[in-house]
Every structure is written in C-alpha cells, then in structure tokens.
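> Structure provided below as structure tokens; questions to follow.
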Amino acid sequence: MENFQSHLAQNRYDRQLSPPIEMAMENDNHNLSADKHITDIDPLVSAIIKVANQRDKAAFGYLFSHFMPKIRAFGLQRLNQQGLAMDLVQETMTTVWTKSHLYNADKGSVATWVFTIMRNQCFDMLRRVQHNREDAFGDDIWPLYDVAVSQDNNQDHKLTAKLLVHLDALPLAQRQVVQGIYMQELTQQELADALKVPIGTIKSRLRLGLEKLKSFLETQHD
Amino acid sequence: MIKHHPHAELLQAHALGELPLSMSIAVAAHCALCQECQTQIAKLTEQAAKLVFVSSGDDEVQHNASNEIDVVDNAPWQQMLSNIMALPESTMSEPYIESSVTVSHRNTRYQIPRVFRQHIAQPWQQIGKVSRMRFDMDEKNTRASLLHIEALGEIPQHTHKGFELTLLLSGEFSDSTGHYVAGDFIILDGNTQHSPITQTGCLCYTVLDAPLYFTKGISKLLNPIGELIY
Ligand SMILES: [Zn+2]
C-alpha cells in the first residue's frame with residue numbers, strides 16, 4: 001500500500017476549481033487570521049475530493065484507515081456484535097466510496113458527513129436486528145445531501161465558468177495569485193518566487209481574492 | 001409562529017440516532033418546519049461526529065499512522081477495502097429531492113415534510129370528523145399515525161397512559177393549554193387531560209406509546225372506538 005501522507009502532500013491542489021475554494025473560504029470563516037489558509041486544508045477533505053474527482057485509491061485507503069476503527073467501535077457499542085460492526089464499516093465506507101461526490105464542504109466537516117452516513121446505516125441495521133424489518137428509513141430522516149448539491153451535475157463547470165468571469169474583476173495582484181494556484185497549479189512558494197514577494201503576501205492576496213470571488217458568486221445567487 | 005419545540009435532550013438523542021423510528025420522524029418533521037431546531041440539529045450532529053471520530057486526536061498524524069498499521073496488517077480489512085474499491089462510483093445522480101410530499105384526505109391535498117415519504121400509503125380510517133392513518137412501524141405499543149380533524153371537529157376528552165406526541169403539520173387547533181400552529185411539537189404526559197378542537201381543520205402527526213382512555217361520561221362507551229381511532 002502506498003504511503004498516504006506523502007501522496008496527499010504532493011497533490012495539494014486539485015484540478016477542479018470549486019471545492020478547494022469553498023474549503024478555503026470555510027477555513028477563513030472559522031478563523032479570521034490570514035494564516036488559516038488553503039494550504040492548511042484538512043487532509044480528510046483533501047482525500048475525499050481526490051476520491052470524488054479521481055477515484056483515488058490511496059486517498060480512499062487513507063479515509064478507510066482513519067474511520068474504520070471508530071466506525072467499528074461505534075458499531076460494537078450500538079449493535080453489540082462483531083459481525084454487525086464489520087457490516088457497519090463496510091456499508092458506511094462503501095457509501096463514502098460510491099457517493100463521495102455528494103460531500104459538500106460548505107455543509108460541514110468530513111467527519112460529520114461520514115458520521116451521518118454511519119448513523120443512518122446503523123439506524124436501519126438496528127431495525128433489522130430488533131424488528132426484523134428490511135426497511136431503509138435512515139436517509140429519509142437525516143438526508144445525506146441537500147437539494148442544492150444534488151440538483152445539477154454540471155454545477156462545477158458552471159461554477160468554474162462563473163469564477164473565470166469574475167477573475168477579471170479582481171485587482172491584478174490578487175488575480176495573478178488565484179490564477180497561478182487554481183489554473184496553473186503552481187505552489188504558493190513557486191508563486192512567491194516568480195512574483196518576488198514573501199509567501200505571506202501570496203497567502204493574503206489569495207485569501208482576499210477568494211473572498212471577493214465568493215462575494216461575487218453570492219450576489220449572483222441572490 | 002412555532003412556540004413548541006422538542007426539548008434539548010430529544011434533539012440530542014435525535015442527532016445521535018437513538019430515538020425509535022416513530023419519534024425520529026417526529027423530530028425530523030419538526031426540523032423540516034423549524035429553522036431554529038434544524039440549525040440546532042446540525043450543531044449537535046457536528047458535536048456527535050467530533051465525539052465519535054476525533055475524540056482523542058490532537059495529534060492527527062500520529063493518530064492516522066497507528067490506524068494505518070491496523071489495516072495494513074489485517075487481511076480481512078484489506079479484503080474489505082479492495083472489495084469496496086472494486087465498486088463503481090454511483091453514477092446515478094441523486095434524484096431531485098423534494099422537500100415535501102403530498103398526502104390527500106378526501107379532496108384536500110396537504111404538503112408534509114418528505115420524511116413521511118415511505119409511510120403514507122396506508123388507508124384512512126374515518127369516524128365522524130376524525131380520521132386516522134395508522135403507520136406500519138412495528139414498534140410494540142407505540143402507535144404512530146396521521147390524524148386529520150375536519151373544521152369544528154373535536155376529540156372526546158381523554159387521558160392516556162404514557163406520553164402523547166402531537167406535531168401539527170397543517171391548520172390549527174386549540175385545547176385548554178393553548179392555541180397551536182403548524183410546526184408546533186407538543187408532548188403531553190400521562191397526567192394531562194385535554195380535548196383539542198379545531199376551527200378550520202388540521203392535520204397532525206401523533207405518536208402514542210399506549211392506548212388512549214376516554215374519561216368523559218358517554219365517551220366511556222366509545223372506548224373500543226377510541227382504540228380503533230388511535
Ligand atoms: Zn423547533
């Protein structure tokens with residue numbers, strides 16, 4: 001098996017525009033310091049985006065390793081049986097693998113999303129054990145996704161196009177950085193070297209640029 | 001405006017998935033009608049996820065490293081992992097999710113939260129102005145159903161053992177304790193007597209954990225009907 005950590009570190013920037021931007025914004029909302037930043041993206045988020053976009057097996061292996069012991073412990077506690085706890089791991093992680101594209105960083109952490117899948121699955125399994133019923137109500141009670149996410153498969157394309165339109169409206173300094181990172185896939189250090197500015201400046205320009213892009217998008221949605 | 005919400009412990013239990021089906025539906029349906037509780041559930045779910053998944057882990061890297069060893073050294077887990085990854089991505093885009101479903105009573109159609117989606121195929125049983133659609137949930141003594149009361153309808157005064165939950169889904173009703181609007185989530189315990197009346201008609205979701213007992217004069221004779229209705 002590959003070394004997950006190094007694999008993740010190498011592919012920090014994703015090809016797809018929207019998810020990393022959303023993530024960066026969310027980080028900024030949680031922590032207003034300029035250092036809290038896209039490069040500090042939670043490895044779990046990074047992994048699930050790789051699974052969603054590239055069916056990345058190493059990234060999934062990382063998620064599996066991370067969540068498996070805890071899902072198993074939860075299953076043992078609720079279902080009180082080794083075999084059922086294994087089933088819970090299998091069912092939960094299968095959904096993570098097959099439906100990773102439904103994860104929306106705007107709606108919460110990866111842990112919350114996986115918890116939701118696990119709790120719903122466990123709810124249905126428990127009814128199977130206690131009532132011998134084969135019904136599946138968990139996902140009706142706690143929906144895994146919302147309308148906005150599932151509505152449109154081309155959403156990412158549209159979002160990308162929208163962002164590109166607005167990129168031109170950014171001041172040059174911010175545009176260079178956003179473009180460099182999201183379109184040319186340069187690292188922040190490479191950008192800092194190319195533009196001959198400190199990396200801290202790159203960080204703050206990127207943050208300002210993303211904030212502005214997000215505000216453009218929000219006005220459009222209204 | 002909704003004045004009656006599920007209390008904190010109930011919301012917490014719901015976020016953890018610890019309530020039985022009948023009650024989970026009640027809280028989920030209330031949250032579909034109440035932004036405040038919806039937000040609260042989101043918070044509680046996040047907390048629960050943290051508790052389960054990130055309990056001990058300040059040092060994420062070390063944490064993950066130790067977990068990796070578990071999987072790498074363990075053949076059954078390896079097998080499960082590769083079985084899962086042999087599956088294709090669910091290409092079927094999720095169906096457009098309506099936030100509500102329609103339930104009809106006679107000629108009236110009601111939009112109710114979509115959590116009821118799989119339960120509303122049952123027939124209505126009607127006696128006078130009161131109709132009930134019993135859900136098939138298989139939860140021992142607990143009875144969950146939709147209750148429809150036509151305008152100016154009244155339920156005979158009764159008391160009941162255990163709790164009675166009423167979630168008003170549409171319309172209004174009043175009883176001796178107040179006036180209620182859609183979204184109100186009312187739990188009465190076994191000591192309460194009440195006789196709801198509705199001016200304009202209403203649709204409720206009710207959960208009873210025991211049969212009702214009517215207490216007023218002639219209503220005693222109606223006990224079998226009470227059993228039937230509830
Ligand atoms: Zn509420």
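The values are calculated or read from the model by the stated rules, or taken from the named source; none is laboratory data. Source: prediction; values computed, not measured. Cβ atoms come from the backbone with ideal geometry, glycine included; neighbour counts cover every protein chain shown.
> Look at segment B:161-180 and say how many of its residues are over 21 Å from the mean Cα position of the chain (by Cα) and not in a strand (DSSP E or B).
2
> On to the next question. Just the residues that are more than 7 Å from chain B (Cβ to nearest Cβ) and polar (S, T, N, Q), please, taken from segment A:111-138.
Passing the criteria: A:ASN120, A:GLN121, A:GLN130, A:ASN132.
> Here is a follow-up. Considering only segment B:134-160, how many residues are assigned to a loop (DSSP other than H, G, I, E, B), β-branched (Val, Ile, Thr) and at pLDDT 75 or above?
Looking only at that region, the number is 1.
> In this structure, does B:GLU18 turn out to be at negative phi, in a helix (DSSP H, G or I) and either within 11 Å of another protein chain (Cβ to nearest Cβ) or within 10 Å of the chain's Cα centre (by Cα) (or both)?
On the way: at negative phi: yes; in a helix (DSSP H, G or I): no; either within 11 Å of another protein chain (Cβ to nearest Cβ) or within 10 Å of the chain's Cα centre (by Cα) (or both): yes.
No, not satisfied.
> Limited to segment A:103-122, what total is found for residues that are touching a Pro at 6+ places or on another chain (Cβ under 8 Å) and at pLDDT 95 or above?
As a first pass, look at segment A:103-122 and keep what is touching a Pro at 6+ places or on another chain (Cβ under 8 Å): A:105.
Next cut, at pLDDT 95 or above only: none.
Looking only at that region, the number is 0.
> When the residues of segment B:96-127 are narrowed to those that are modelled with pLDDT under 85 and within 13 Å of chain A (Cβ to nearest Cβ), which ends up surrounded by the fewest Cβ atoms within 10 Å (Cβ to Cβ)?
B:TYR96
> Go through (1) surrounded by fewer than 22 Cβ atoms within 10 Å (Cβ to Cβ); (2) of a type in the set (D, E, K, R); (3) free of Cβ contacts under 8 Å to residues at least 60 places away in the same chain one by one and return the number of the condition A:ARG119 breaks.
(1)
> Just checking: which of the helices (runs of 4 or more DSSP H) contained wholly in segment B:31-95 hold 1 or more residues that are at the interface with chain A (Cβ under 8 Å from one of its Cβ atoms) and modelled with pLDDT under 60?
Qualifying helices (runs of 4 or more DSSP H): B:60-73.
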